[in-house]
Each structure stands twice: as C-alpha cells, then as structure tokens.
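A quick write-up on the structure given underneath.
Each reported figure results from applying straightforward, stated rules to the coordinates on display, with no laboratory input. All of these numbers come straight from a predicted model, not from anything done at the bench. A quick note on method: Cβ atoms are made from the backbone with ideal geometry, for glycine too, and the neighbour counts reach across all protein chains shown.
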Amino acid sequence: MVNAKRIVEEFFELVQIDSVSGKERRIADLLQKKLTALGLEVFEDGAGRKVGSDTGNIIGKMPGSGSGPVLMLCAHMDTVEPGIGIKPRIEGDVIRSAGDTVLGADDKAGIVTILEVLRVIREQNINHSGLEVVFTIWEEGGLFGAKNLDFNRLEARVGFVLDGDGAPGSIVVKAPSQDRIGAMIKGRAAHAGINPEDGINAIQVAAHAIAQMRLGRIDHETTSNIGVITGGKATNIVPESVTLDGETRSLDSYKRETLTAAMCGLIKKTAVKFGAGVDIVTETVYEGYDLSPDSLPVRLAIEAADRLGLTARREKTGGGSDANVFNCNGIETTVLGIGMKKVHTTEEYITLRDLHQNAVYLLEIIKSAQKRAL
C-alpha cells in the first residue's frame, strides 16, 4: 500500500525547498496545500510572531471513526545551516546532498513519512480514531515552535515525533533536560602596549574559568559545553568584556542542576580572583522525559514493530526534541527513529529502504492503536 516511488519523489521535492530555522514560509505554504488536498482541516497558529519566524506551526486534523485514541503525529519544518540550495542525489540505495549542504532528512524524512501515511489511509479507507498532524517551526536550536504551539487546538494525548536518528523500530523513551548558561565577564580596558597593568583582561578571566570546568562527556547521562565566546575589540586593547554561552544536559535533572551551578560558581570565583565583574543568566531550555514500558505510545510502537518483524529498541538520547515539550504539556509522546544519519553535517544521508520502512511502520502504529481499541 505504501508507494516507495512517491515517497522518494516527494522527499526530493521537500528537501529542495529552503527552510532554515525562522524562514519556513515556503515549506509551510506547500504543506498546508498538501494537507488540505488530503481532506484535513488545517490551521496555522501564531507561534511565528512570537519567535521571529515568517510562519507559524501548521496543524492538520483528520477526523476518525474508530474507538481508539486520537494520535498526534509531528515533524519539524526547519533545517540547520548550511541548508540553502540543497541538491539531493541517489547513490545506490542512499540519498545524499551534493556535499556542500545538509540533506535535510532532519526532518523532512519525518514530514514525507506522515504525508505518505495520510495518503494511504485515504486511498485504502483505513479505519482510525483520528489523527492530528503538527508540523513545527524552529525546532533546531531551541524547540521554539513547539514551545509556542497553540495546544488548545489539539485533542490527542498520545503522540509520535518522527525525528530520531535510529533505524525504524527504535523508540526514544528517555531524553534529557537542558540548561543554557550565558555569562558576561566585565574587566577593564587599557592600552595593551602602554599600560596593560591598568587593565583587567576579560578574556583571560574567561580562559581561567573555562580551564577549570568539566566539559564534554561527564558521565553516561550528563554532558556540558561552552560553545560560543565573544569579546575584544583590537589586539592593542586589553579586552573590557567577554560573553560566554554554554549548556548542560542530563537524563538526571539533579545532575544537570548541580553541573550548571558548578560552572556558574567557577565563573564567579574566577572573576572575583581577577577583580572582574560578572553577570550570569541561566535558563532551563526544556525538561526531560522518561516513558515507562507501559506508556501507550511505547506499547503501540513495540506492537507494530513486532508485527512487521522489526527489532523494537527502547532507547535513550542525549538530544532534546519537540517530544520534550509535548510530554510537558500532557501529550505522552515518544520519538521514532527514521534512519537519518550524520545529521547537521554535509555528510547527512538516508537510505531508500528506511524512507519506505518509515511509512510502513507509522501506518502499522496507527493500525495498532485501532486494534487495541477493538
């Protein structure tokens, strides 16, 4: 029932539409047309106005007649940079970009999977209990679309986000929380050649603080990073200020909180040692989730995988996704692996087999929901 040729053709169509974060208007307009043509009631919410994108989240509803749960199906519309002018190509069983951009399988492979399943359901008149499709904006870098989604539009309390890098059959049941750390260190400017002793080098303060931090992999649940440093005006000026941007993540919220406090403490202590000032702002970007084996989306995904002969794997991840936000808003949601590899790089790829299998698997999950209700 799933049309492999149609999936590939639509995937090629979607990835060639530029939709880097904050500039999703063209892909959103096309997806609204596609969903409307499939008979869905389609809405665009106001998330774009809140976060500075040129479009909002797209929500589509396909009413059902079954007695199972309404399911929410989600994928994000945006891609990371470099994502302008993507040229996909097939090499054997693999789809890649021309090599100077990402491919955009993250997350247009998820979008095309949902669209194909909706078509098959309509063509084959497959019974279901109602589907709600959510295509979000600006997932990359902050989950901004999901955070500003109009949840009043949704009835579903069970969801699936198609945005995992595992093979079809992988089910993300545990994801971390994340803190963002922003610090401005305030030194004192001076001429670097005439009177450097009168200055306080803010970059030096930052370097000493960072050198004392535990960065990278802390343990099997926890990571930290200082990702951006900005400061200085010229080589002949002792830098007066510098900003640091970093993060902590952990599957254990206590570990995340402790690590964030330790990093901030080191910055403050070092600033005092050098006589510098410091302003620090921390923010919990998203909370984590931990789904039990008995949670409905996990059970449905495992049952569907078993019927298809796929290896169902319950997995944890170090990355956040829209599922973090959905779980915090009363929609029990798991992330499904869709086979995309080396995402966020110009070597990103996906296989033809996985593109096809994704749609077969999602369709079987929807059938599982209905079978469970009978």
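Could you give the length gained by full extension between Ala262 and His191, i.e. 0.36 nm per residue of separation minus their alpha carbon distance, to one decimal place? Present the calculation step by step, with values, prior to reporting the outcome.
Working: separation 71, 0.36 × 71 = 25.56 nm, distance 3.36 nm.
Stretched out fully, the Ala262 to His191 stretch lengthens by 22.2 nm.
Who wins for biggest fluctuation among Asp54, Asp252, Asp294 in a Gaussian network model of the chain, springs between alpha carbons below 10 Å?
Top of the fluctuation ranking is Asp294.
Using modelled amide H (1.01 Å from N, peptide plane; none on Pro or chain starts), what sits under 5 Å from the amide H of Gly64, excluding residues fewer than 5 places away?
The list, which skips near neighbours in sequence, is Gly130, Leu131.
Based on the Cβ-Cβ distance from Ile218 to Thr346, what FRET efficiency comes out when R0 is 35 Å, to the nearest 0.05? Numbers along the way, then the final one.
Details: r = 29 Å, r/R0 = 0.83.
Between Ile218 and Thr346 the formula returns 0.75.
Only sites in a loop by DSSP and with at most 15 other Cβ atoms within 10 Å count here; which GluC sites (Glu not before Pro) in region 109-190 make the cut?
Filter output for region 109-190: Glu155.
Can you give me the long-range amide H partners of Thr333? Hydrogens built in the peptide plane at 1.01 Å from N, cutoff under 5 Å, separation of 5 or more residues or another chain.
Gly159, Asn327
Please report Rg (one decimal) and Dmax (integer) in Å for the Cα set of region 243-374.
20.7, 71
Using the Karplus curve 6.51 cos²θ - 1.76 cosθ + 1.60 with θ = phi - 60°, what ³J(HN,Hα) values do you get for each residue of region 9-25, in whole Hz, with x for Gly and Pro?
Couplings: 4, 6, 4, 4, 4, 6, 5, 8, 9, 4, 8, 5, 3, x, 9, 9, 4 Hz.
Quick query: amide H of Asp45 versus all other amide H atoms, modeled in the peptide plane; which residues come in under 5 Å with a sequence gap of 5 or more or a different chain?
Excluding prolines and chain starts, which carry no amide H, the hits are Asn57, Ile59.
Would you work out the relative contact order for region 216-374, in percent, from Cα pairs under 8 angstrom that are 6 or more residues apart? Walk me through the numbers on the way to the answer.
Values: 135 pairs, mean separation 24.3, N = 159.
Contact order relative to length: 15 percent.
From the phi angles alone, apply the Karplus equation (6.51, -1.76, 1.60; θ = phi - 60°) to region 293-308 and give each ³J(HN,Hα) in whole Hz, x where the residue is Gly or Pro.
x, 8, 5, 4, x, 5, 4, 4, 5, 5, 4, 5, 4, 4, 5, 8
Among the lysines, which have Cα under 24 Å from the Cα of Lys367 when same-chain residues fewer than 8 positions away are ignored?
Counting by Cα, and skipping residues close in sequence, Lys367 has these lysines nearby: Lys5, Lys34, Lys61, Lys108.
Sort Met340, Met1, Met77, Met213 by Cβ crowding within 10 Å, fewest neighbours at the top. Please list the in-between numbers first.
Working: Met340 26, Met1 13, Met77 30, Met213 16.
Result, fewest neighbours first: Met1, Met213, Met340, Met77.
Among all the aspartates and glutamates, which ones have a C-alpha under 13 Å from Lys147's C-alpha, if same-chain residues fewer than 8 places away are not counted?
Hits, sequence-local ones excluded: Asp45, Glu139, Glu287, Asp322.
Would you mind estimating how fast the chain diffuses translationally, via Stokes-Einstein at 4 °C and 1.567 mPa s with the Kirkwood radius over Cα pairs, in µm²/s? All intermediate terms of the calculation are to be shown ahead of the outcome.
Details: Rh = 22.1 Å.
Approximately 59 µm²/s, per Stokes-Einstein.
Specify the angular offset, from 0 to 90 degrees and rounded to the nearest 10, of the alpha carbon long axis of helix 202-211 from the longest principal axis of the alpha carbons in the chain.
Between helix and principal axis, roughly 60 degrees.
Hey, what do the phi angles of region 351-368 turn into as Karplus ³J(HN,Hα) couplings, whole Hz, using 6.51/-1.76/1.60 and θ = phi - 60°, x for Gly and Pro?
Once θ is set to phi - 60°, the couplings for region 351-368 become 8, 4, 4, 5, 4, 5, 5, 4, 5, 4, 5, 4, 4, 5, 5, 4, 5, 4 Hz.
For region 177-286, report the % of Cα-Cα distances exceeding 24 Å. Don't jump to the answer; show the numbers that get you there.
Values: 1657 of 5995 pairs.
For region 177-286, the fraction of Cα-Cα distances above 24 Å is 28 percent.
Order by neighbour count: Lys367, Lys233, fewest other Cβ atoms within 10 Å first, most last.
On the way: Lys367 19, Lys233 11.
Going from least to most buried by this count: Lys233, Lys367.
If the cut-off is 19 Å between C-alpha atoms, which aspartates and glutamates fall inside it for Lys186, apart from same-chain ones fewer than 8 positions away?
Qualifying aspartates and glutamates at Cα under 19 Å: Glu197, Asp198, Glu240, Asp245, Asp279.
Once the convex hull of the alpha carbons of region 58-145 is built, what does its volume come to per residue, in cubic angstrom? Can you show the working numbers first?
Values: hull volume 10.2 nm³, N = 88.
Once divided by residue count, the hull of region 58-145 is 116 Å³.
Going by average Cβ neighbours within 10 Å, how do the peptides 319-330, 159-170, 40-51, 196-207 rank, with the highest at the top?
On the way: 319-330: 22.0, 159-170: 23.7, 40-51: 16.8, 196-207: 18.4.
Taking the mean over residues of other Cβ atoms within 10 Å, the ranking is 159-170, 319-330, 196-207, 40-51.
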